[in-house]
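Remarks on the structure that follows.
The values are calculated or read from the model by the stated rules, or taken from the named source; none is laboratory data. All figures in this text were calculated on a predicted structure; none of them were measured in a lab. Positions of Cβ are backbone-derived with ideal geometry, glycine not excepted, and every protein chain shown enters the neighbour counts. Note: areas computed on protein heavy atoms with side chains; ligands, DNA, RNA excluded. Shrake-Rupley method; radii C 1.70, N 1.55, O 1.52, S 1.80 Å.
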Amino acid sequence: MAILDFITKQFIDIIEWTDDSRDTLSYRFPDEDKEIKNGAQLIVRESQVAQFVYLGQFGDRFGPGKYSLTTQNIPLLTDLAGWKYLFQSPFKADVYYVVTRLFTGNKWGTANPVMMRDQDFGIVRLRAYGTYDFRVADVPKFLKEVAGTDDHFRIDEFNDTMRSRIVSVFSDALAQAKIPALDVAARYQELGEALLPIINPIIGTKYGLEMTSFIVENVSVPPEVEQAIDKRSSMAAVGNLNDYVKYQMGQGMGAGGNGGVAAIGAEMAVGLGLAQQMLNQPGGIMAQATKSIEAPAPANGAAGIEVMNPAQVAQMLGVAESDVLASLEAGDLKGKKIGTQWRVTKSAVDAFLQS
C-alpha cells in the first residue's frame with residue numbers, strides 16, 4: 001500500500017491554478033519534480049492561458065477550458081519530445097499560467113523632465129504623469145522578455161521597470177507625434193489617444209503587452225513657457241488685436257473728462273480758434289497793430305504736436321504705450337522708425353482711427 005501511495009505521488013493527475021490575487025501576471029505550476037501522467041487533466045480558467053515549456057522551448061498553449069493531455073492534443077510538445085508513438089508513460093514539462101485580464105490604474109510619471117523640440121518655443125522641458133491599462137497579448141514573448149523563469153511574477157516586481165519603459169516610450173512617441181507644447185498642456189485626452197497607436201507597436205514587439213488606455217493626467221512646463229501660453233490665451237480671448245487697440249484708444253478719448261488729455265486737447269483747440277478769430281476780425285487786434293503779430297505756438301501737449309513719439313501718442317489717446325508700439329510693428333498705425341525710435345504724425349493717428 002505504501003509503495004502504491006509513493007508511485008501515485010510521483011504523477012500529476014490534475015493541473016490547475018486558482019488565482020486568488022489581483023496582482024499576479026504569471027505563475028509556474030509547482031511540479032516538485034513530479035511527472036505529468038498520460039491523460040492528466042488540465043484546467044484553464046477564464047482570463048488565463050496555460051503555456052507548456054519543454055527543455056526551454058515553448059510548446060503547446062491552452063486557453064480557457066478543460067483538457068485531457070494526450071498525444072493528440074499536445075502535438076508541439078510531442079514533436080519537441082520526439083515521441084514517435086503515443087506516449088504511455090508520464091512526462092516532464094513546465095506549465096506556466098499567464099493572466100490575460102486587464103490590469104487597470106497603473107501609474108506612470110517622468111522622474112526627470114522630457115526634452116522635446118517644439119515649433120513655437122524651441123527646446124522645451126516637460127514633466128508629465130498619468131495612468132495606463134494593459135494586458136498580456138503575446139504569452140511566449142512576455143514569458144521570454146519579462147517574467148522569465150520566475151515562479152510567481154507579480155505586478156509590483158514589474159512596476160518600476162514598466163514605469164521607466166513607459167516614460168522612455170512616451171518620450172519617443174511624443175517626439176514622433178510632434179504635438180505642440182500648447183496642445184500637450186491643454187489637451188490631455190487627445191494626447192493619450194494620439195500616443196496609443198505609437199506606444200502599442202513598441203511595447204507589443206518588445207514585451208508582448210498591449211496597452212488599452214493611456215491617460216495623461218497632468219503636463220507641467222517651465223514657468224517661462226507657462227507665461228507664453230497664458231499670453232497666447234489672452235490674445236485668443238481678445239481676438240483681432242488691431243480692432244482691440246482701436247477700441248481702447250476710442251475709449252480713452254471718450255473717457256478723458258475735464259482733466260483728461262483729450263479734454264485738454266479739445267479746450268486748446270477751441271481757445272486757439274477763438275484767438276485766431278479775434279486777431280483776424282475787422283477792427284480787431286490785427287487792425288490796430290502797427291506790426292504783424294503771430295499766433296501763439298501750441299502748448300507743449302500731445303494735441304498740438306504734429307510729429308510725436310509712441311509715448312505722446314499713447315498720452316494723447318489714453319492707451320498704453322505698448323498698444324501703440326504693437327500697432328506700429330504690425331503696420332496698422334503708420335509711422336517712421338529712425339534708429340530705434342518711432343515717429344508718428346497726427347494725420348497718421350487720424351487715419352488709423354478712421355480705418
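Annotations
- Residue in region 119-137 that is open to solvent by 50 Å² or more (accessible area, probe 1.4 Å), of a type in the set (D, E, K, R) and modelled with pLDDT under 80 present: yes
- Within region 64-96, tally of residues that are modelled with pLDDT of 80 or more, surrounded by 13 or more Cβ atoms within 10 Å (Cβ to Cβ) and outside any helix (DSSP H, G or I): 11
- Subset of region 193-225 (residues that are of a type in the set (S, T, Y) and either at pLDDT below 85 or open to solvent by less than 10 Å² (accessible area, probe 1.4 Å) (or both)): S220
- Search result, residues across region 141-154 that are outside any loop (DSSP other than H, G, I, E, B) and open to solvent by 30 Å² or more (accessible area, probe 1.4 Å): K141, K144, E145, H152, R154
- Test: T110 is among the hydroxyl-bearing types (S, T, Y) and closer than 28 Å to P180 by Cβ: yes
- One residue stands out in region 6-38 among those that are in a strand (DSSP E or B) and open to solvent by 30 Å² or more (accessible area, probe 1.4 Å): the one that is modelled with the lowest pLDDT, namely F11.
- Of all residues in region 48-69, those being touching a residue at least 24 places away in the same chain (Cβ under 8 Å) and either in contact with a strand residue (DSSP E or B) (Cβ under 7 Å, 6 or more places away or on another chain) or at negative phi (or both) number 14.
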